[in-house]
Amino acid sequence: MKDLNVIVERELANVEGEPTAQQLIEALMVAVRELQGDLEPAKGERKLYYFSAEFLMGRLLRANLINLGLLDEAEALLAGYGTTLAEVEEAEPEPSLGNGGLGRLAACFLDSIASLGLPGDGVGLNYHYGLFRQDLSHGIQEEHADPWIAPQSWLVDTGRAFWVQLRGQHLLAKVYDVQIPGYQNGVCNQLHLFDVENPAEPPAEGIDFDKQDLAGNLTSFLYPDDSDDAGRILRVCQQYFMVSAGAQMILADLEAAGHALTELPEHVAIQINDTHPSMVIPELIRLLTERGIDFGTAVDLVQRTCNYTNHTILAEALEKWPVSYLETVAPQIVPIIKKLDELARERTDNPGLSIWDANDTIHMAHMDVHFASKVNGVAELHTEILETSTMKDFYDLYPEKFTNKTNGVTFRRWLMGCNEPLAQMLDDTIGCAWRTDANALEDLVQHVDEEELQNRFLGVKYHRKEELAKWLKDTQGVDVNPDAVFDVQIKRLHQYKRQQMNALYAIWKYRQIKAGVKPARPLVMIFGAKAAPAYTLAKDTIHLLCLLSELFANDPEVAPYLQIVAVENYNVSAAEHVIPAADISEQISLASKEASGTSNMKLMANGAVTLGTMDGANVEIVERAGEENAYIFGRSSEDVIDLYDTGSYHPWDYWRDPEVEPLVDFVVSPELLSTGDPASLSRLYKDFIAADYFMALLDVKDYISTKERCLADYENRNAWARKALMNIARSGHFSSDRTIAEYDRDIWHVNPELGQ
Ligand code: H2P
């Protein structure tokens, strides 16, 4: 029987003197990998393959120790070296293989699939330099490569590889596995990441690289800049590389298990996570027909195997590729797509539902809906909007395909892992059942009125705020006051998420303070956000936040009351510090635009109170937590959809409001122009008054007054603690274990217990 201590000792045998954090982490990683290697994958007649361009895994040492039941043992071992896991894990590099909620969801799902004992693996790409590392030191976002693959990493070289025909050349796709252990159930599934044989070195500076060099750079970065043809074609190359290798692997596994190819749907379920892996449909059909199966049968087999998750109603994210790109990248699948389009046209004469449109553009989501078994949205409101608006014609054609699967997050990472003191408080109050069944958190409802518990909660929160303050000091030299309200907005930077509306609030508050209205308690506004490198207005918003941060910090009249902290290079590890310390959870997207959101769920489970619009999963959060335990503002999704449909939103009408105008005009005030980039600020300013596509000005007044009400309520500390406790108690529904059980029940049917 292998033992953690024995392996770590063996690994450290040659170390002279006290081992460094790096050496301890590496020894623990080797030990955990070895122990996981002895576990068995979940087994069953049918296996799920979850295809995703992103898997935002985060650091894995703590998560894996929790799942192996070895956390205490590891802490005891480290105590022997005079340190703790929290200290040494800072030396564990974080793979940045995702952009935001979409990739983090995929990571939570893998954890839940393994923990529920379901046979299911992830399929993705092994990006060497990740999304990018964000540098904010000059008050603007600068991007750099974010290498994470060290000699000791979580990657296991499987020795397997598949040839992929791409852009007229043959590239070998090597398979690396990341082990995914279930929660104390002896199961270990895999995340398969494909990679080129000889990856290029990272760019010396920035993230520019030779986009034509597929052999070297195909898997360098996630989302290469798509502002030119070369970048877009490279994205299509990445997608095809992933799905072709993935499809070949699935068929190889099927045959190795002794099954006929015609039994594909009986033994395989594929989930297409967003449109990036959509080409798996024509690729599988191609591979099956190449192996002698007729086209009609191949289509039927693939359709019974594949399912598609939609994560957004934003047109920009529903990929459309010119036929010419596909001709360049993978001409072998173009005739298949043509035939699929013809089949789709036999099913409907609505040209709006075609796969291959009159402009020779391929609509990936259309191909998914026509040729998947099930199509799901990621929160009730989102699915309803898909059915009644964005995909209404598809819904009318295939009502039976549509289903909702409200997102969830793994409580093992997002509560047990990142907030031990809160987890301990829960154990002491309601017992440990919640650790295996998050619904048991409901038991906390009976205790929310207990003053002693409220005080204990406030103590835990304060402690976590002190810890965040220390981490911010250590990592970016910022001082924050733990007595302040910690107001947190953490999500990718996008206009629909409306960080710019939050910036207008900061300007409002600043002007109040300058006018002599001092807040009862200081406010720390914490932002964590990366902007896509080619998304200018998003980068302008980051610049604005950095300028405001500096302005407030340098003004002695303001600094004691108001602070903006932009967490640099916000990622999963940063989130694990920020989320437990949050008081207010900012979920302020324009209603109808945020499909679900998942930071809302993590923050809820950690006792932050939601300040948000009735959008995405906020609706379900408020339904459960109770309206009195959240702060809701803004126009409804119906109103917003109507404003879009009628074209009747004109930002200048709102800008002219005497309370709003000075806030917007401040963006181009001498105070900011003196230190900021005038081009960037005036671009933002013009966008506010002349475009404001995501309607920040529509809701800004309501937002300010609701936030003020929320801050006033915060002063009744025990009443606030009660609200926070109600949020925790009602967060169990948002466990990804619940989400995955629903996917399995309604879509995958891989649960061996059910004998599917
Ligand atoms: C997206 C949606 C979120 C959703 C998430 C997971 C694309 O994530 O916008 O509303 O919760 O997928 O389904 P994000 O914006 O964080 O990249």
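Computed over all pairs of different Cα atoms, the Kirkwood value for the hydrodynamic radius of the stretch 484-617 is 15.2 Å. One compactness figure for the stretch 35-76 is 1.53, namely its Cα radius of gyration divided by 2.2 N^0.38 Å.
Seen from E45, the other residues with C-beta closer than 11 Å to its C-beta sum to a net charge of +1, counting Lys and Arg as +1 and Asp and Glu as -1. Checking every one of the trypsin sites (Lys or Arg not before Pro) in the stretch 49-124 against DSSP loop status and a limit of 11 other Cβ atoms within 10 Å picks out no site at all.
Working from label points 7 Å from Cα in the Cα-to-Cβ sense, the E263 to D657 distance is 6.4 nm. Over all directions, the projected convex hull of the C-alpha atoms in the stretch 634-756 averages 13.7 nm² in area.
Each label point was placed 7 Å from the Cα along the Cα-to-Cβ direction; for V6 and Q476 their separation is 4.6 nm. When Rg and Dmax are taken over the Cα atoms of the chain, they come to 25.6, 80 Å. In terms of the mean number of neighbouring beta-carbon atoms within 10 Å, the peptides 281-288, 556-563 order highest first as 281-288, 556-563. Each Lys and Arg adds +1 at its Cβ and each Asp and Glu adds -1 at its Cβ; summed about the Cα centre, the chain shows a dipole of about 460 debye. Applying D = kT/(6 pi eta Rh) to the stretch 695-756, where Rh is the Kirkwood radius over alpha-carbon pairs, T corresponds to 10 °C and eta to 1.306 mPa s, the Stokes-Einstein value obtained is 102 µm²/s. Helix content alone sets the calculated 222 nm mean residue ellipticity of the chain: runs of n ≥ 4 DSSP H residues at -39500 (n - 2.57) each, divided across all residues, give -13000 deg cm²/dmol. Which of rounded, prolate, oblate describes the stretch 641-694, given a ≥ b ≥ c as roots of the alpha-carbon gyration tensor eigenvalues and a/c under 1.5 marking rounded, otherwise prolate only if a/b is larger than b/c? Oblate, since a/c reaches 1.5 and b/c is not below a/b. With the convex hull drawn over the C-alpha atoms of the stretch 598-701, the volume per residue is 140 Å³.
Quick check: convex hull of the Cα atoms in the stretch 439-479, volume per residue, rounded to a whole Å³? Before the final figure, lay out the partial values.
Numbers: hull volume 3.2 nm³, N = 41.
Cα convex hull per residue, to the nearest whole number: 78 Å³.
Other residues whose C-beta falls under 10 angstrom from the C-beta of G120 contribute a net charge of 0, scoring Lys and Arg +1 and Asp and Glu -1.
Measuring max minus min along each principal axis, the C-alpha atoms of the stretch 1-143 give extents of 55, 43, 22 Å (largest first). Taking a point 7 Å from the Cα of T328 along the Cα-to-Cβ direction, the residues of the stretch 183-224 with backbone N closer than 13 Å to it are 211-214. Placing unit charges on each Cβ (+1 for Lys and Arg, -1 for Asp and Glu) gives the chain a dipole about its Cα centre, and among A566, C188, C306 the Cα reaching farthest toward its positive end belongs to C306. Based on Cα contacts under 8 Å between residues 6+ apart, the chain shows a relative contact order of 14 percent. Dividing the mean sequence gap of close Cα pairs (under 8 Å, 6+ apart) by how many residues the stretch 592-687 holds gives a relative contact order of 20 percent. Remark: the S389-R291 segment gains 31.2 nm on full extension, using 0.36 nm per residue and subtracting the alpha carbon distance. Taken along its three principal axes, the alpha carbon spread of the stretch 292-450 comes to 65, 33, 30 Å, from the longest extent down to the shortest. Highest mean first, the peptides 596-608, 155-167 sorted by other C-beta atoms within 10 Å per residue fall in the order 596-608, 155-167. Other residues whose C-beta falls under 10 angstrom from the C-beta of T312 contribute a net charge of -2, scoring Lys and Arg +1 and Asp and Glu -1. Toward the positive end of the charge dipole of the stretch 369-505, with +1 on the Cβ of Lys and Arg and -1 on the Cβ of Asp and Glu, the farthest Cα among T475, V378, Q424 is that of T475. Only beta bridges with both residues in the chain are counted; by DSSP, about 35 percent of them are antiparallel. Normalised by the number of residues in the stretch 501-639, the mean separation of alpha-carbon contacts (under 8 Å, six or more apart) gives a relative contact order of 19 percent. Note on the stretch 225-357: Rg/Rh from Cα positions, Kirkwood definition for Rh, rounded to two decimals, is 0.96. Judged by the gyration tensor of its Cα atoms, with axes a ≥ b ≥ c, the stretch 128-214 is oblate; a/c meets the 1.5 cut and b/c is at least as large as a/b.
None of the figures in this text is laboratory data; all of them are computed from the coordinates on show. Since the model is a prediction, treat every value here as computed from it, not as a measurement. Positions of Cβ are backbone-derived with ideal geometry, glycine not excepted, and every protein chain shown enters the neighbour counts.
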